Each structure stands twice: as C-alpha cells, then as structure tokens.
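Here the structure is laid out as structure tokens; the discussion comes afterwards.
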Amino acid sequence: MFSLISRFRRWRREKDPFPTAWLPHLEAHVPFFSELEGEIREKFLTLVKLFVWEKSWVGAGGLEITDEIKVVIAATAARLVLHLDLTYYDRLTEIIVYPSHYNHPDQVGGVIFGEAHAWGTVVLSWDAVTHGLDNPRDGHDTATHEFAHVLDRQDGEFDGTPDLR
C-alpha cells in the first residue's frame, strides 16, 4: 500500500516540470504521443514523469538503463491509466529490462519477451518494447500486454478481469 508520505511525495513531484530532454524520446518512439493534446497531453506527461521517478529500473543482460528506455516504457504504462490514475501501479516497484528476448531459468527452450510478476516486478525485452510501438497493429505490444497484467493483478489475481472503476 502507498503510505501517506508516499502520496505526499507524489503530490509534490506532480508540480515538478516534465524534463524537456525527454520529449524527443516520446516523439521518436511513441506514435500515439503526437495525437495527445491539451489537458490529456499534460496528464500523460505527468503520469510518465511520476512513473519514471517512482519505479526502480534495472538493466539486465548487459543493458544500461537510459532515460530513453525509462520514458518509452513509462509511456506504455501511462497510456493504460490515462483516464484513471497512477495508483493502479502502486504495487509495481521494479522494471527489469533486457536488451532482447531472454531465456527464463524455469523454462527449458523457451524465449521470453516480457513477464509480470505478482510481487511487483515487470520484466521486459527492450527490442520487444520498441517493436510493439513501431508496429501498433500487429498485436505484439509486449509492454502494454505486461502492464495490462499489472492492472489485472490489482484485485489479487491474474484472471483477465481487472478491477478498474
């Protein structure tokens, strides 16, 4: 659960300006960003910056986490709660990013592009994230898929019926 102190921190950080150095990452990799206008665009930018600042980011498989990676992944998460709020991701604490698909230690012979864990971690392949954003109609948007699992888990189960208002 998000504590009162955490809520206060979020409230204060909302007032911090969106880093202008991050805008080119959105413009280059997030096709739907150009369609956002006015208040919706401002809310989206607020959600992106808070998501980036509040989550722990871990590079795996030799990947160095950059602002570009954080901002682009945060954009996919923010899109799902744009008309809700960021509290739906309060249980999510960590994003682990591999440069490409990876082998899961518990699976033999299978490659993984992403996974969402019940304990508050999402694991993603950076290649899969960018491929999903570059091809919005092919049905292979790994980041959106994994963040949808996080939303689904809010009611305690991965059951395909997220408890959204």
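The values are calculated or read from the model by the stated rules, or taken from the named source; none is laboratory data. Given the structure is predicted, the values throughout are model-derived calculations rather than measurements. Positions of Cβ are generated from backbone atoms using ideal geometry, with glycine treated the same way; all protein chains shown enter the neighbour counts.
Would you check if residue 137 is in a loop (DSSP other than H, G, I, E, B), modelled with pLDDT under 85 and either basic (Lys, Arg) or within 15 Å of the chain's Cα centre (by Cα) (or both)?
Values: in a loop (DSSP other than H, G, I, E, B): yes; modelled with pLDDT under 85: yes; either basic (Lys, Arg) or within 15 Å of the chain's Cα centre (by Cα) (or both): yes.
For residue 137, the condition - in a loop (DSSP other than H, G, I, E, B), modelled with pLDDT under 85 and either basic (Lys, Arg) or within 15 Å of the chain's Cα centre (by Cα) (or both) - is met.
Applying the criterion of being in contact with a helix residue (DSSP H, G or I) (Cβ under 9 Å, 6 or more places away or on another chain) and hydroxyl-bearing (Ser, Thr, Tyr) to the residues of the stretch 27-65, the residue that is farthest from residue 129 (Cα to Cα) is 46.
One residue stands out in the stretch 30-70 among those that are free of Cβ contacts under 8 Å to residues at least 40 places away in the same chain and touching a Leu at 6+ places or on another chain (Cβ under 6 Å): the one that is nearest to residue 136 (Cα to Cα), namely 44.
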